[in-house]
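S.K.: After the structure tokens below, expect a handful of questions from me.
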Amino acid sequence: MPTRNTKFYSVLLILSDFIVLLAAFSAAYIARVQLDDRPLVAPIFAVDYLYTVLTILPFWIIAFAFIGLYSADVYNRRLKEWSRLIVGAFIGILLFIGWEYVTDKALFPARLVVAYAFLASALLLILERELLRLIRTLMYSFGYNISRVLIIGNSPATIDIARSLSQTHKSGYKIVAIACPKSLLADDLGAEHFSNADAALASIDELRIGTIIQTDLYDSEVRNQRILTAAQLRHIQYNFIPGEPEFYAGKNTVDVFLGYPMITVYQTPLTGWGEIVKRIFDTLVSFLLIVILSPVYLLIVLLQLVLNPGPVFYVSKRLSRFSDPISLFKFRTMNPAYGKADAAEEFRAMGREDLALEYEANRKVANDPRVTRFGKFLRDTSLDELPQLFNVLRGELSLVGPRPILPQEVKFDKGRAALLHSVRSGVTGLWQVSGRSELSFDERIELELYYAQNWSFWLDIKILFKTIGVVIRRQGAK
């Protein structure tokens, strides 16, 4: 939702990046030429060096723009921005090396200047972006450059969007008015409520509205045109966000078809090259982990034979991508007599109706009597999950994805199972790093649907690192 504020901030980033990069190259030159007595590869004077840097830097800034560093979708997400800044710094250095190769003219007085320039560029760019983010947050907190918003709509998405924008210090938006049915109104938003759009439009000037967001199209074309015209007459921002969540989740493209705007909605952004990159990453990482962890595998197998007699592994039938059945490998944690039927049936056979009801409500139980002492240790440390790396290597699972569900669990959420299984299931996922066993079945499904609709490679990396922390702290494993 680009506004004057976001455009101004993007221009500020361009200017700041240019200055910071110039400072980084100047520092690299001083560090190697003036503070280091060792001989130089080529006698490059400071004036000639700076002239070359100033010539190439605009192309570097253009490269930054191509990788999205001036897009709000990137600079509003710290991890995503940092990773792209490092990539952008590397691309910029390659531009200099390429220029030197094409012109056959030495640009750097010493090779070490290149290394200094790369490190200084990456570090100073990150510091600069963090400083600007802090300044922007402080300005928003004190009410500067805030866009006052009127939201009009009749669907639950109206309030959902309002809540998402309500953290003014982060979003730069202040929800001052909402035109929606009273049944949808949320008291915690502190916005003025209007029962109909016409009443809200009449108060635009009084409330000093700078942005109108409409989440539903009315049946009457006249009413829709009236809202748009109100924004046009006052030269304020107008945005239409479809109220159906499918339109703003997942991967969407907007095109023109027969003169009309056409929105194409994909189930998941995990298509095309994204899917290929994810599969290559899964294969390489799972193979390396299996090799590195092979002594751990051997030790657990030996301990299983001594402390938990019976089959070493437990093979469970699960559903993965496109609801295809797979054989999921785990180290066995239960008594060998159990795990062959649905858990609720086994609890009832044990005379534990309370556990059967608990399992049917939450798809888990707090204290499972079927689990052995050594099996509990394996579950608490998540070591029972290690054999699933072989499922990843075989292409049945991904390292990150929705948890593979039991066939009998499909009936609990038939409407969303297809979307949930539009991506390959994973060893770990968003629900594991967001509460694991503390989450209800419905909360787990919501998180996994979010992952399927909003996948990115960086989200996978973030989840993998968070998984390590969750496992070390033993959070929610049962």
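S.K.: Which condition number does Tyr359 fail, the rest of (1) at positive phi; (2) outside any loop (DSSP other than H, G, I, E, B) being met?
M.R.: So the condition that Tyr359 fails would be (1).
S.K.: When you go through (1) at positive phi; (2) surrounded by 13 or more Cβ atoms within 10 Å (Cβ to Cβ) one by one for Ile151, which number turns out not to apply?
M.R.: Of (1) at positive phi; (2) surrounded by 13 or more Cβ atoms within 10 Å (Cβ to Cβ), only one is false for Ile151: (1).
S.K.: For the range 294-305, does any single residue satisfy the condition of being assigned to a loop (DSSP other than H, G, I, E, B) and modelled with pLDDT of 90 or more?
M.R.: No, because not a single residue in the range 294-305 is assigned to a loop (DSSP other than H, G, I, E, B) and modelled with pLDDT of 90 or more.
S.K.: Output the residue which, of all residues in the range 451-460 that are under 9 Å from the mean Cα position of the chain (by Cα) and among the hydrophobic types (A, V, I, L, M, F, W, C), is surrounded by the most Cβ atoms within 10 Å (Cβ to Cβ).
M.R.: If we take residues in the range 451-460 being under 9 Å from the mean Cα position of the chain (by Cα) and among the hydrophobic types (A, V, I, L, M, F, W, C), then Trp455 is surrounded by the most Cβ atoms within 10 Å (Cβ to Cβ).
S.K.: I would also like to ask the following. Which one of the conditions (1) exposed (fewer than 15 other Cβ atoms within 10 Å of the Cβ); (2) out of contact with any helix residue (DSSP H, G or I) (no Cβ under 7 Å at 6 or more places or on another chain); (3) farther than 30 Å from Tyr144 by Cα does Ile44 fail to meet, given that it meets all the rest?
M.R.: Against the list (1) exposed (fewer than 15 other Cβ atoms within 10 Å of the Cβ); (2) out of contact with any helix residue (DSSP H, G or I) (no Cβ under 7 Å at 6 or more places or on another chain); (3) farther than 30 Å from Tyr144 by Cα, Ile44 comes up short only on (1).
S.K.: What single numbered condition from (1) of a type outside the set (A, V, I, L, M); (2) in a helix (DSSP H, G or I); (3) under 18 Å from Leu57 (Cβ atoms) fails to hold for Phe108?
M.R.: Status for Phe108: all satisfied but (2).
S.K.: Taking Val291 as the residue in question, decide whether it is modelled with pLDDT of 80 or more and surrounded by fewer than 14 Cβ atoms within 10 Å (Cβ to Cβ).
M.R.: Yes.
S.K.: Could you please let me know if Phe25 is surrounded by fewer than 19 Cβ atoms within 10 Å (Cβ to Cβ) and on the phi < 0 side of the Ramachandran plot?
M.R.: No.
S.K.: Does any residue of the range 331-338 turn out to be farther than 21 Å from His421 by Cβ, at pLDDT below 90, part of a helix (DSSP H, G or I) and outside the structural domain of Arg379 (by TED's automatic domain parsing)?
M.R.: Scanning the range 331-338, I find no residue that is farther than 21 Å from His421 by Cβ, at pLDDT below 90, part of a helix (DSSP H, G or I) and outside the structural domain of Arg379 (by TED's automatic domain parsing), so the answer is no.
S.K.: I've got another one for you. Take the range 56-79 and flag every residue that is charged (D, E, K, R) and either crowded, with 18+ Cβ neighbours inside 10 Å or not in a helix (DSSP H, G or I) (or both).
M.R.: Arg77
S.K.: Moving on to the next point. If you check Arg133 against the conditions, is it of a type in the set (Lys, Arg), under 20 Å from Leu50 (Cβ atoms) and either buried (at least 17 other Cβ atoms within 10 Å of the Cβ) or out of contact with any strand residue (DSSP E or B) (no Cβ under 6 Å at 6 or more places or on another chain) (or both)?
M.R.: no
S.K.: Take the conditions part of a helix (DSSP H, G or I) and at pLDDT 90 or above and apply them to Phe322. Does it pass?
M.R.: The answer is no for Phe322.
S.K.: Now a separate question. Could you list, ordered by first residue, the pairs with Cβ atoms under 6 Å in which the first is in the range 378-396 and under 14 Å from Gln304 (Cα atoms) and in the same structural domain as Val423 (by TED's automatic domain parsing) and the second is in a loop (DSSP other than H, G, I, E, B) and of a type outside the set (Lys, Arg), at least 6 apart or interchain?
M.R.: From residues that are under 14 Å from Gln304 (Cα atoms) and in the same structural domain as Val423 (by TED's automatic domain parsing), the pairs are Leu378/Thr333; Arg379/Thr333; Arg379/Ala477; Asp384/Thr333.
S.K.: Does Ala344 satisfy the condition of being farther than 23 Å from Val296 by Cβ, among the small types (Gly, Ala, Ser) and surrounded by 15 or more Cβ atoms within 10 Å (Cβ to Cβ)?
M.R.: yes
S.K.: If you don't mind, there's one more thing I want to ask. Considering only the range 342-349, I want to know if a residue exists there that is assigned to a helix (DSSP H, G or I), closer than 18 Å to Pro404 by Cβ and at pLDDT 90 or above.
M.R.: no
The values are calculated or read from the model by the stated rules, or taken from the named source; none is laboratory data. Because the structure is predicted, anything quoted here is derived from the model rather than measured. Heads up, the Cβs are rebuilt from the backbone with ideal geometry, glycines too, and the neighbour counts pull from every protein chain shown.
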